[in-house]
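The values are calculated or read from the model by the stated rules, or taken from the named source; none is laboratory data. This one's a predicted model, so the numbers in the text were calculated from it and none came from an experiment. With ideal geometry, Cβ positions are generated from the backbone for all residues, glycine too; neighbour counts draw on all protein chains shown.
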Amino acid sequence: MKKTGIVFSFNTHKTSKIAKRISEAFEDTAKVEMVNVEEIRPEQFLGYENLICGTATWFDGELPNHWDEFVPDLEDMDLKGKNIAIFGLGDQKGYPENFLDGMGILAELFEALGARLVGFTSTEGYAYESSGAERGGQFCGLGIDYETQGSKNKERVNAWVEKLKLEFR
Amino acid sequence: MKKNRKYHIKTTGKKTLEKWFRLMTMGRILDDRAPNYLKQAIGWSYHAPFAGHDGIQLAIGQIFDREKDHLFPYYRDMLTAISAGLTAEEIIYNGISKDLDVAGGGRHMSNHFAKPEWNVHNVSSCTGNHTLHAVGVARAIKKYKTPGIAISSQGESSVSEGYVYEAINGASNEKLPVLFVFQDNGYGISVPKKDQTARRKVADNFTGFRNLKIMHCNGKDVFDSMNTMAEAREHIEEHEEPVIVQANCVRIHSHSNSDAHDLYRDDFELNYVKEYDPLAKFRRLLLRYERFTEEELDAIEEKMKEMVRKAHKAGMAAPDPSPESIHDFVIPEPYIPDKYTDGTHNYDAESKKLIQGLNETLKAEFRHNPDIYIWGQDVAHKEKGGIFNVTKGMQQEFGKERVFNAPIAEDFIMGTANGMSRFNDKIRIVVEGAEFADYFWPAMEAFVETTHDYWRSRGQFSPNITIRLASGGYIGGGLYHSQNIEGSITTFPGVRVVYPSFADDAAGLLRTCIRSRGLNFFMEPKALYNSPKAATPIPDDFEVPFGKARIRREGEDLTIITYGNTTHMCLEAALKISGEDGSGVEVIDLRSLIPLDKETILASVKKTGKVLVVHEDKVFSGFGAELAAQITDKAFEYLDGPVKRVGSTFTPVGFNRILEGAILPDTDKILKAARDLLEY
């Protein structure tokens, strides 16, 4: 598998835990590097062929600051040839109108820059009103809900990583 | 993509970025320092911190153009005001309520920033009611075809108020240039937004409205806020329809200095709201994208600190308002008739009914002044001209732009009258405040607010409005169709209240109301609209000055003070007493309750020594209570008996004619009371 990085904010609690779990699930296949989005430089981001980006959704459907502040750099990138998988954290019960919107915002941005999105998952098993991460009946990444379905995290991460192993190049 | 938008961290000019950082920094220093003034007992006892709303407030102020727009900030809009151009001194003068406060010399609550001179309006603490004012002024912008928009800013919780719905409905229906901004920080004091409405984004409650665009932005982000507000403005100007912008914010501190947010927010939340600080984010962006160096930003911050220090010194040295000034600007000077100086005439012609007097005066004034408007429920639909046809024929003659129906929303009728009169001082507005006077209660919020405006702004804004209302009973109308409300209305300083009994006085007072600056409450005794008793000759140019009672019958033995429907009953009783008992009863028709003709009243009391006060409203707490108290206070030594009162019983007015008759005063009740007093 080509060079792979997991990009997320090291100052997060839940996102960091999922990033660690993803990294562990890859252990027998490839070494993935952890990268702090709060300090990332454009050339560093572009140095990976495969990227796993983790984001929560803030408030009523916003990208967290740590990603939002990197967006102006991202906008200048050509991401053709990059394989990007996104995992998003959301609360489908507390914020059912904007479940995983942060993941949707990143997906839209990466796609517009030419990236190939991988790691789509089924929306089955989730209950929400609307989600910016939904694409044709699927999520454009992995949805994690610590608040109401935390017990499913391990199973969902493992299944997703197995899928990524096939879809990454 | 963000990159295609107007403002971007990589492309926006350095001077613009510096200006924004300067304004935001100065605002934050003032916001952080404000609580110190209360701690030191200097003032600023109400401070609602804006920290966390920085992006959207900067953007509101930046898109506001003082040459053509009207801005209605709310009590948390300190940075909005600064971004619109208010100086640190002006913020502090308002905060510590100094005489130099440009909003109104310390008359209004602190943290209510305004500069009426620039159309940054002085708004109410009754939060969100300025949406109606924004709609009203936007109506004028559209009617006069001038450039500009009205910008209304409020928190998301006040959108729960019914008048906000009325305002947005009106803006949508009339396609008015209004930009409604909802600054959503998730709380109304301690009440989370889930307790306000079912949707998390309250703006989306309005998705079914036509002619209305709804936009959302991150109010914590300078660029998203600036772009969204600029795009909203462009949309209004291009499509000539209103826009709602809902800006997601955080409230970093408590609601205000009387709130303790640690009672309802846990440590996690208290920490994360600080992490989302919009100013810190903007600063990080300026550094990350190498638009400024750390040293450059430090220098700006130091400069702003120094500016605020200087402003603080100016504030501490500024004079306080004087206690002697409290009676200034309660209400503007009225129009003074120069021909009919005491409001009487000797015109001899065919009598006209009271309703005809009103209709002809309205038409004459509309011909006289092209800047007069009238609206209300039912006032203009083909041949219909008001529930009683007072406005009959007006729309045909003056057109739909000046004479038009309003939705069944009394607060909207009143609130938009307030707003439209803010456009300029030439405009005169007449509203039928409600179908019947006792339907006016839903408009009370906007009415009360309007009574404050001239005083609160220290004369900078005069709401030039005449509220017409068909009042009183004797028609078998029952509740909401037969009651009097002047007992309540006359408790408010800031409004003139008139209540004629005859056609000529109705015409003359209406003309004076319409020509005057300020707020006028014009009560029409609807039982007399077509009554031959109230019909009189009316000179075409008749005017009645405020505060001039009319002695309708002279007498030496008893004074009856009255107004409205009961004037005619009092005259009948006086005639009967004169004929049957030989006593002389003087009947004073007040015509004007506020201002009150104390001189005429006292002169009569001194002459007769006995006073009967008669009105249709309830005796208990009716306007007569004030008259009786004033007479007792000023003329006690001249009285030969108690000041007696006749009016309605302390009950609602019944629909059944038997009940109505038992409740309302009539000639027999007046006759009995008068005779009792004469015999005292």
**Request:** Scan segment B:1-13 for residues that are in a helix (DSSP H, G or I) and touching a residue at least 40 places away in the same chain (Cβ under 8 Å) and jot them down.
**Result:** B:LYS2
**Request:** May I ask you to list the residues in segment A:66-100 that are within 11 Å of chain B (Cβ to nearest Cβ) and under 24 Å from B:LYS194 (Cβ atoms)?
**Result:** A:GLY94, A:TYR95, A:PRO96, A:GLU97, A:ASN98
**Request:** Taking the residues in segment B:207-227 that are away from every other protein chain (no Cβ under 13 Å) and buried (at least 21 other Cβ atoms within 10 Å of the Cβ) as candidates, determine which candidate is farthest from B:VAL164 (Cα to Cα).
**Result:** B:MET226
**Prompt:** Picking from B:ASP338, B:ASP378, B:ASP342, which residue would you name as being under 26 Å from the mean Cα position of the chain (by Cα), among the acidic types (Asp, Glu) and not assigned by TED's automatic domain parsing to the domain that holds B:TYR93?
**Reply:** B:ASP378
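Each row is one residue, and each column tells you yes or no for (1) part of a helix (DSSP H, G or I); (2) more than 20 Å from B:TYR276 (Cα to Cα); (3) within 14 Å of chain A (Cβ to nearest Cβ); (4) of a type in the set (A, V, I, L, M).
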{"residue": "B:LYS15", "(1), (2), (3), (4)": "yes, yes, no, no"}
{"residue": "B:LYS19", "(1), (2), (3), (4)": "yes, yes, no, no"}
{"residue": "B:LEU30", "(1), (2), (3), (4)": "yes, no, no, yes"}
{"residue": "B:ARG33", "(1), (2), (3), (4)": "yes, yes, no, no"}
{"residue": "B:HIS47", "(1), (2), (3), (4)": "no, yes, no, no"}
{"residue": "B:ALA51", "(1), (2), (3), (4)": "no, no, no, yes"}
{"residue": "B:LEU58", "(1), (2), (3), (4)": "yes, no, no, yes"}
**Message:** Within segment B:476-486, does at least one residue satisfy the condition of being crowded, with 20+ Cβ neighbours inside 10 Å, under 21 Å from B:LYS353 (Cα atoms) and either at pLDDT below 95 or not basic (Lys, Arg) (or both)?
**Reply:** yes
**Prompt:** Which one of these does B:PRO319 not meet: (1) in contact with an Asp or Glu (Cβ under 7 Å, 6 or more places away or on another chain); (2) within 26 Å of B:GLY518 (Cβ to Cβ)?
**Reply:** (2)
**Asked** Taking helices (runs of 4 or more DSSP H) that fall entirely within segment A:1-114, which contain at least 1 residues that are of a type outside the set (Ser, Thr, Tyr) and in contact with a Leu (Cβ under 7 Å, 6 or more places away or on another chain)?
**Response** A:14-25, A:65-68, A:71-74, A:101-112
**Asked** Taking segment B:185-205, which residues are out of contact with any His (no Cβ under 9 Å at 6 or more places or on another chain), within 10 Å of chain A (Cβ to nearest Cβ) and not in a loop (DSSP other than H, G, I, E, B)?
**Response** B:LYS193, B:LYS194
**Fill in**
Here the qualifying pairs (Cβ atoms under 7 Å; residues six or more apart or on different chains; first in segment A:123-137 and in contact (Cβ under 8 Å) with a residue 12 or more places away in the chain; second in a loop (DSSP other than H, G, I, E, B) and surrounded by fewer than 17 Cβ atoms within 10 Å (Cβ to Cβ)) come out as A:THR123/A:GLY137
**Fill in**
The strands (runs of 3 or more DSSP E) lying entirely within segment B:525-644 that contain at least 3 residues which are more than 30 Å from B:ALA349 (Cβ to Cβ) are B:611-618
**Message:** Out of B:PHE492, B:PHE423, B:PHE461, B:PHE398, I need the residue that is touching a residue at least 24 places away in the same chain (Cβ under 8 Å), more than 15 Å from the chain's Cα centre (by Cα) and surrounded by fewer than 24 Cβ atoms within 10 Å (Cβ to Cβ). Which one?
**Reply:** B:PHE398
**Prompt:** Taking segment A:117-135 as the search range and keeping residues that are charged (D, E, K, R) and surrounded by fewer than 16 Cβ atoms within 10 Å (Cβ to Cβ), which one is farthest from the other protein chains (Cβ to nearest Cβ)?
**Reply:** A:GLU124
**Request:** State yes or no: is B:VAL164 under 30 Å from B:LEU263 (Cβ atoms), more than 14 Å from chain A (Cβ to nearest Cβ) and assigned to a helix (DSSP H, G or I)?
**Result:** yes
**Request:** Output the number of residues of segment B:503-541 satisfying the condition of being more than 30 Å from B:VAL448 (Cβ to Cβ) and either among the small types (Gly, Ala, Ser) or surrounded by fewer than 24 Cβ atoms within 10 Å (Cβ to Cβ) (or both).
**Result:** 12
**Fill in**
Picked from segment B:542-559 (must be free of Cβ contacts under 8 Å to residues at least 60 places away in the same chain and among the β-branched types (Val, Ile, Thr)), the residue surrounded by the fewest Cβ atoms within 10 Å (Cβ to Cβ) is B:ILE551
**Item:** Matching residues, segment B:506-563, being assigned by TED's automatic domain parsing to the domain that holds B:GLY472, in contact with a Pro (Cβ under 9 Å, 6 or more places away or on another chain) and either of a type in the set (Val, Ile, Thr) or at pLDDT below 95 (or both)
**Value:** B:THR512
**Asked** Has segment A:136-151 got at least one residue that is hydrophobic (A, V, I, L, M, F, W, C) and within 14 Å of chain B (Cβ to nearest Cβ)?
**Response** no
**Prompt:** B:SER152: away from chain A (no Cβ under 14 Å), in a helix (DSSP H, G or I) and among the small types (Gly, Ala, Ser), yes or no?
**Reply:** no
**Request:** Take B:ILE467 and decide whether it is touching a residue at least 12 places away in the same chain (Cβ under 8 Å) and assigned to a loop (DSSP other than H, G, I, E, B).
**Result:** no
**Fill in**
How many residues of segment B:273-302 are more than 14 Å from chain A (Cβ to nearest Cβ), assigned to a helix (DSSP H, G or I) and either in contact (Cβ under 8 Å) with a residue 40 or more places away in the chain or touching an Asp or Glu at 6+ places or on another chain (Cβ under 7 Å) (or both)? The answer is 3
**Item:** Selection status of B:ASN122, in the same structural domain as B:MET78 (by TED's automatic domain parsing), outside any loop (DSSP other than H, G, I, E, B) and either hydrophobic (A, V, I, L, M, F, W, C) or at pLDDT 95 or above (or both)
**Value:** no
**Request:** Would you be able to say whether some residue in segment B:609-628 is without any contact (Cβ under 8 Å) to a residue 24 or more places away in the chain and either in the same structural domain as B:GLN483 (by TED's automatic domain parsing) or over 34 Å from the mean Cα position of the chain (by Cα) (or both)?
**Result:** no
